[in-house]
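Each reported figure results from applying straightforward, stated rules to the coordinates on display, with no laboratory input. In this text the structure is predicted, and so the values were computed from the model without any measurement. In this analysis, Cβ positions are derived from the backbone assuming ideal geometry, glycine residues included, and neighbour counts consider all displayed protein chains.
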C-alpha cells in the first residue's frame, strides 16, 4: 500500500505577495508539457486535503494571517516548499516597502526552489524532493 | 506620444475632468504630495489635469458622476491623505494592519452572502469576493483586493530611475513588458532621448508575444471555468510553446528585463528571421485552436450570455483593453495614441458587442492572430538587424506619464524625478486595476457557479492592481 502511494502528493498553494510569475509556472504544471498528475501529484482546493504546501512571495502584510491560518489547517506530516527567490528570502521584493523577508522562512519551508520565477521543471524537482521527504517521515 | 500638463484650480477640477472625459479616454488619477492628477489619453498622447490641494482643503470627488474614479480617489485618500468631500464610499481601499474593510452588500429581504478568499481553491492570487445573492442569483459583488500589496510606490521613492527599472519590471510578471515599456518611455522622455527604431521594433515584437501568451492562458482558463478540459490543455500547450519562444528570443520565459530604459537588452530579438519562422508556425495551430473553441457547441453555449458587461457600463466604469473591446468600446492605446513602432504598424482591432464571456474569448482569439501578424511585419522590417545595448541616459528630471497597451489594456506609468534622476513619485495604473469593477458588474444577475468562468474570462492580475 505504501509503495503504491509513495509518490502521491496533494498540493496546496499559498500566494504571499508574489508577482504572479510563480503562479503562472505552477499553473503550467497542469498542462501537457509538465503534467504532474502523471507523477501522482495533484493540486487540491482545500488545505485540509494537502500534504505539501507551496508558498510564493516575500510575504505581504495582508496575507500573513490568512496564510498562517491556511497552513495550520494542513495535517501532519507535511512539507512546506518555498517557490521562487522571494519566498526563498533572496528575491527582488524581500525587505522592500512593506514586504517581508520571504514567505518560506516565515512558514517553515524545508524545501527551497530558487528562480525568478523557477521554471515548471525546477518546481517539479522540488515536488519530487518533498515526496521523498514525506516518505521518509512515514517510515 | 506627447505629454501635456494643464494646471486647473480645485474649484474647477470636476468640470474640467468631466469635459476631458467626454473627449478623451480616462486613464485614472493619482496624488503626489498636495497635487491631484487626472490622466487622459488623447490622440496626441497624455493629458494631465493637475490641481494643487492646500492644507485642509477638500477635493470635490469625481466618483458620484464618474464612478471609474472610485478606487483611484480612495487610494489617494489612503495613501496621500487627500480628503474628498462627497465620495460615496468612505471605506479604505486597502487592508491596513490586517483589518479588511467591511464588504459592501446588497440590501433587501432574503439576501445571503457568499464570501470567498483571500485563499482561493485554485492557483489564483489572493482577493476577497463577497457575493450578495438571493439563492443562486447574484445581486452584487464586492471585490476587495490589496492582499498582494508590497508598498511598491513608496519604496521606489529615493531610488535612481534607472536602478528602479528592475523593480518596476517585477511589479507583475504577466505584464512586465508592457509596464517596463511605459516606464522606459517615461525615463527616456526625462532624458530627452528618443528610442532608436530597431529597439522600438523589438519592443513591439516582445509586447505582442506577451499579449499572445497571456491571451492563450486566458482562453485556457476560461475553458477550465467551463469544464472543457480539452481546450484548457490545448491552451496551456500553446502558451507553453510561446513562453519557450520568449525564453529563446528574449532570454526569459516572461521576458523580464528585456525592456530597459534606453532600448532593449542587446541579446534579445537577435535573430529576427528565426523568430519570424517560429511565429509563422503558430498561425495554423491558433486557427485550429479557434475551431476547437468555437465549433464546440456546448462550450459556446456555456460562454454565451455569461458575465455580461453592457457597453455603457464598460464606458462608465472606465474599462480598458480586450474587456472593453468585447463590450463594443474601441479603446486601444496602440491605435488611440500610437507610440514607438505602432506609429506605423497598427493592429487590426477586434470588436464585439455583447460583452459576455463568449465576446471576450472571441476578441482574444482574434487578437492572437493580429499580434502574430503585427510581430511578423515588425520582424520583416528588422531583417537581420541585431539589437544594440541600451543607451546610457542622462536624466534631466521633471515629470512624465506614458501608457502602453498591455494584454489587459492600458498600462500607465507616471514618473517624477529630481534633477539627479532620483524618483520623487512613481505611480502605476494597471489595466487590471481599471477592469476589476467590470468583473463586479459582469456578475450582477449572473449565478454564483459562473463566478470562476466569468472571472477567468477577464483573468486580471492582482499583483499590479495591489502594488
Check: Taking every residue in A:8-18, how many Cβ atoms of other protein chains lie within 10 Å of its Cβ, on average?
Finding: 4
Note to self: Sort B:119-125, B:426-432 by the packing proxy (mean of other Cβ within 10 Å over each peptide's residues), most packed first.
What the structure shows: B:426-432, B:119-125
Notebook entry, point to check: Using mean Cβ contacts within 10 Å as the protection proxy, how do B:168-180, B:308-320 order, highest first?
Noted result: B:168-180, B:308-320
Next item on the list: Using a 10 Å cut-off on Cβ atoms, rank the peptides B:247-260, A:78-91, B:341-354 from the highest mean neighbour count down.
Entry: A:78-91, B:247-260, B:341-354
Notebook entry, point to check: Can you give the three extents of the C-alpha atoms in region B:313-353 along their principal axes, from longest to shortest, in whole Å?
Noted result: 32, 17, 10
Item checked: Shielding score for B:125-132, defined as the mean number of other chain Cβ atoms within 10 Å -> 3
Note to self: With the cut-off at 1.5 for a/c, could you classify region B:280-399 from its C-alpha gyration tensor as rounded, prolate or oblate?
What the structure shows: oblate
Checklist line | Of all DSSP beta bridges in the protein assembly as shown, antiparallel share, percent nearest 5 | finding: 65
Next item on the list: Find the all-direction average of the projected area of the Cα convex hull for region B:161-299, expressing the result in square nanometres with one decimal place.
Entry: 8.7
Next item on the list: Apply 1/(1 + (r/R0)^6) to the Cβ-Cβ distance of residue B:295 and residue B:353, taking R0 = 25 Å, and write down the FRET efficiency to the nearest 0.05.
Entry: 0.75
Check: What is chain B's relative contact order, in percent, from Cα pairs under 8 angstrom and six or more apart in sequence?
Finding: 20
Notebook entry, point to check: Want the number for residue B:244 to residue B:267: 0.36 nm per residue separation, take away the alpha-carbon distance, what's left?
Noted result: 6.7 nm
Checklist line | Helix A:120-138 axis, angle to chain A major axis (alpha carbon atoms, nearest 10°) | finding: 60
Next item on the list: Could you work out the Rg to Rh ratio of the protein assembly as shown, with Rh taken as the Kirkwood radius (inverse of the mean 1/r over all Cα pairs)?
Entry: 0.95
Notebook entry, point to check: Can you give me the relative contact order of region A:2-138 as a percent, contacts being Cα pairs under 8 Å and 6 or more apart?
Noted result: 27
Next item on the list: With label points built 7 Å along Cα→Cβ from the Cα atoms of residue B:90 and residue B:57, find their separation and express it in nm.
Entry: 2.4
Next item on the list: Report, in deg cm²/dmol and to the nearest 500, the calculated mean residue ellipticity at 222 nm for chain B, where each DSSP H run with n ≥ 4 adds -39500 (n - 2.57) and the sum is divided by the residue count.
Entry: -13000 deg cm²/dmol
Note to self: Taking the Cα centroid of region B:383-436 and of region B:154-222, what is the distance between the two, rounded to the nearest whole Å?
What the structure shows: 7
Next item on the list: Kindly provide the helix-only [θ] at 222 nm of chain A, computed as the sum of -39,500 (n - 2.57) over DSSP H runs of four or more divided by all residues, to the nearest 500 deg cm²/dmol?
Entry: -10000 deg cm²/dmol
Check: With the radius of gyration and the Kirkwood radius both derived from the Cα set of region A:2-138, what is their ratio Rg to Rh?
Finding: 0.95
Margin query: I want to make sure I understand the PRE zone here: with the label point 7 angstrom from the Cα of residue A:137 toward its beta carbon, which residues in region A:64-98 have backbone N atoms less than 15 Å away?
Written below: A:71-82
Check: What does the convex hull of the Cα atoms of region B:160-435 come to per residue, in Å³, rounded to a whole number?
Finding: 107
Check: For labels at residue B:83 and residue A:8 in the simple 7 Å Cα→Cβ model, what's the distance in nm?
Finding: 6.2
Next item on the list: Specify whether the C-alpha gyration tensor of region B:2-94 places it in the rounded, prolate or oblate class, a ≥ b ≥ c being the square roots of the eigenvalues: rounded for a/c under 1.5, otherwise prolate if a/b is larger than b/c and oblate if not.
Entry: prolate
Check: With the Cα gyration tensor of region B:139-209 giving a ≥ b ≥ c as the square roots of its eigenvalues, does the rule (a/c under 1.5 for rounded; else a/b larger than b/c for prolate; else oblate) give rounded, prolate or oblate?
Finding: oblate
Checklist line | Average beta carbon contacts from partner chains per residue of B:26-33, 10 Å cutoff | finding: 0
Notebook entry, point to check: Using Cα pairs under 8 angstrom and six or more residues apart, how large is the relative contact order of region B:356-442, in percent?
Noted result: 19
Notebook entry, point to check: Where both residues lie in region B:1-128, what percent of DSSP beta bridges are antiparallel, nearest 5?
Noted result: 65
Notebook entry, point to check: Dimensions of chain B along principal axes (Cα, Å, largest first)?
Noted result: 66, 59, 39
Notebook entry, point to check: If each of residue B:10 and residue A:128 carries a label point 7 Å out from its Cα toward its Cβ, how far apart are those two points in nm?
Noted result: 6.4
Checklist line | Whole-number Å³ per residue for the convex hull built on Cα positions in region B:360-419 | finding: 109
